[in-house]
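J.: There's a structure below that I have some questions on.
The values are calculated or read from the model by the stated rules, or taken from the named source; none is laboratory data. This structure is a prediction, so every number in the text was calculated from the model and none was measured. Neighbour counts are summed over all protein chains in view; Cβ atoms, including those assigned to glycine, are modelled from backbone coordinates with ideal geometry. Just the protein is used for accessible areas: all its heavy atoms, side chains included, with ligands, DNA and RNA removed. Shrake-Rupley method; radii C 1.70, N 1.55, O 1.52, S 1.80 Å.
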Amino acid sequence: MATLIRTLADHSDDVTCCAFSASCLATCSLDKTIRVYSLADFSELPYSPLSGHSYAVHCCCFSASGALLASCSTDGSAALWDTRDGRCVAALPQPGASAVRVCRFCPRGARLLAGAADGSAALWDVRSLQLYRSGKVKDGSLVACAFSPNGDFFVTGSSSGDLTIWDDKMRCLYNEKAHDLGVTCCDISSHPVSDSENGLKYFQMASCGQDNQIKLWLILFTDFLGVQLKYKCTLNGHSAPVLACAFSCDGQMIVSGSVDKCVIIYETNTGNTLHTLSQHTRYVTTCAFAPHRPLLATGSMDKTVHIWQLDLKQPCAGDIVENESKVAVEDWSEDDVSAWLCAQDLADFVGLFKMNNIDGKELLNLTKESLANELKIESLGLRSKVLQKIEELRMTTVSVSVPDEFLCPITRELMKDPVIATDGYSYEREAMENWISNRRSSPMTNLPLHSLMLTPNRTLKMAISRWLETQQK
């Protein structure tokens, strides 16, 4: 069930983009403004609207911590705004002064990517406010971009229909003709998917275009294999060009908006349509899921933004522990920590923890002193509650943290039948057999294997068995 709970009608021209942080919603428009709303009651913040651009604003996005808001415009610049007071921190001119169509923050590290109508891509360091790298797609305007969750690479989409994969040094790694009539948007899920054939983890990407289609892709990015882009499937349902697509925070859903005035929510795994929303009266230009709340925002050329409440099963603390048990808490990302906070009824702290870059390792090291002095949590009761939840997590971590040497380097899962390959490393037998059936190189070194012989590692198998026995006591 998706219920329309609010309509924002403050823009005087087409809405072009909407974006969520943990506590705010930002929208921008051809009317040259960016508006910022509180998620508590959808009231507009005192400093809104932001009016620094001289022409239409095409895109806006929040930094991972929510402390910065970026926007870009036909005026040839990307702007950075302080979300505490709405102050314009900087105006970043695009190389070549072309109209900037899209911008995205790197989820890790202080970088902002801005893409322009002349095909140029500028990667800015938002601390120094200096241009870090720049590049250019081979054809067309750059109209879409998305970062991988770890920030190691990003994808751009062009009006000529190409998807291009770049590394964090702005080197072009791969190019694919994806949509014949032009790409309009792309997004990468923050949750990887497993490939059962070889045990590898893939990033999942969605792209949409003027061909009325949404395509799902799998991206593999490793040191020893380079980049692979695999087409997965096409989601049909729209009868006109698709202008926007986005994954939900957990990767379970994809939403799209189209020239046919409809919004469609799909289930990612099956491709089934969950909801079709047709309340907009003109083209739907943008859509976004809130990161840790069951909310969806959609914007349109009808000058409105609709806020939808999604009827989802809310995770409980046990669900989070069960889902994360395969990953040691110290390896949690900032997003994993945010999801844990929400499950512990501590969602109000998501923005604060994001702003201070609290990942799993930092979370486990928090003390009552750091909560008070570094995170500035003034209430003794709230500090005690957070500390109690962290202590419970520490107790859970003792029983689920698997020694790294017991994990298969290919699958990163506990080995049941470890074998030694001729490169000297141990692997799960089935994973390694699948690996060498397709290639004759080492998964760890990428060097040729002199022999495909696999020798049982009985010593390691016994050590794993003894460790499992201690966990059951």
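J.: Would you mind counting up the charge near residue 163? Only other residues with Cβ under 11 Å from its Cβ, with Lys and Arg at +1 and Asp and Glu at -1.
T.: 0
J.: Quote the accessible area belonging to residue 191 in square angstrom, nearest 10, computed with a 1.4 Å probe and with ligands, DNA and RNA left uncounted.
T.: Roll a 1.4 Å probe over it and residue 191 shows about 80 Å².
J.: At most 16 other C-beta atoms within 10 Å and a DSSP loop state: those are the exposed GluC sites (Glu not before Pro) I care about. Give me the longest piece of the chain that has none.
T.: Counting only loop sites that pass the neighbour cut-off, the longest clear stretch is 1-196.
J.: Please report the projected area of the chain's Cα convex hull averaged over all directions, in nm². Show your work: numbers first, answer last.
T.: Numbers: hull surface 92.9 nm².
Over every viewing direction, the Cα hull of the chain projects on average to 23.2 nm².
J.: Next up: Loop only by DSSP, 15 or fewer other Cβ within 10 Å of the Cβ. Give me the trypsin sites (Lys or Arg not before Pro) in the range 95-147 that pass, ordered by residue number.
T.: 127, 138
J.: Specify the angular offset, from 0 to 90 degrees and rounded to the nearest 10, of the alpha carbon long axis of helix 334-343 from the longest principal axis of the alpha carbons in the chain.
T.: Rounded to the nearest ten degrees, it is 90.
J.: While we're on this one: Tally Lys and Arg at +1 and Asp and Glu at -1 over the other residues with C-beta under 13 Å from the C-beta of residue 120: what net charge comes out?
T.: Cβ neighbours under 13 Å give a net charge of +2.
J.: Helix 458-472 versus the longest principal axis of the chain: what is the Cα-based angle in degrees, 0 to 90, to the nearest 10?
T.: 70 degrees
J.: Another question about this same structure. Please give the net charge around residue 70, taking every other residue with its beta carbon less than 12 angstrom from that of residue 70, where Lys and Arg add +1 and Asp and Glu add -1.
T.: So the environment of residue 70 carries a net charge of +1.
J.: Where nothing but the Cβ of Lys and Arg (+1) and of Asp and Glu (-1) is charged, how large is the charge dipole of the chain around its Cα centre, in debye to the nearest 20?
T.: Around 420 debye, computed over the chain.
J.: Please label the shape of the range 9-126 as rounded, prolate or oblate, based on the square roots a ≥ b ≥ c of the eigenvalues of the alpha-carbon gyration tensor (a/c under 1.5 means rounded; beyond that, a/b larger than b/c means prolate, else oblate).
T.: Oblate is the answer for the range 9-126, as a/c is 1.5 or above yet b/c matches or exceeds a/b.
J.: Okay, moving on. Taking only the alpha-carbon positions of the range 329-397 and ignoring solvent, what does the Debye formula give for the base-10 log of I(q)/I(0) at q = 0.20, 0.25 Å⁻¹?
T.: For the requested q values the scattering log ratios are -0.75, -1.26.
J.: Could I ask something else about it? If you put +1 on each Lys and Arg Cβ and -1 on each Asp and Glu Cβ, how big is the dipole of the range 329-397 around its Cα centre, in Debye rounded to 20?
T.: For the range 329-397, the charge dipole is close to 280 debye.
J.: Could you give me D for the range 249-314, from Stokes-Einstein at 20 °C and 1.002 mPa s, where the hydrodynamic radius is the Kirkwood radius over C-alpha pairs? Units µm² s⁻¹, please. It would help to have the intermediate numbers written out before the result.
T.: Details: Rh = 12.1 Å.
Rounded, D is 177 µm²/s.
J.: Taking +1 at the Cβ of each Lys and Arg and -1 at the Cβ of each Asp and Glu, which of 188, 28, 95 sits farthest along the dipole of the chain towards its positive end, judged by Cα position relative to the Cα centre?
T.: 95
J.: Also, I was wondering about something else. Roughly how much of residue 380 is accessible, in Å² to the nearest 10, using a 1.4 Å probe?
T.: Roll a 1.4 Å probe over it and residue 380 shows about 120 Å².
J.: Kindly report, to the nearest 10 Å², the accessible surface of residue 427 as traced by a 1.4 Å probe over protein heavy atoms only.
T.: The accessible area of residue 427 comes to roughly 0 Å².
J.: Right, next: Out of 456, 407, 467, whose Cα points farthest toward the positive end of the dipole of the range 404-472 (charges: +1 Lys, Arg; -1 Asp, Glu; placed on Cβ)?
T.: The Cα lying farthest towards the positive end belongs to 456.
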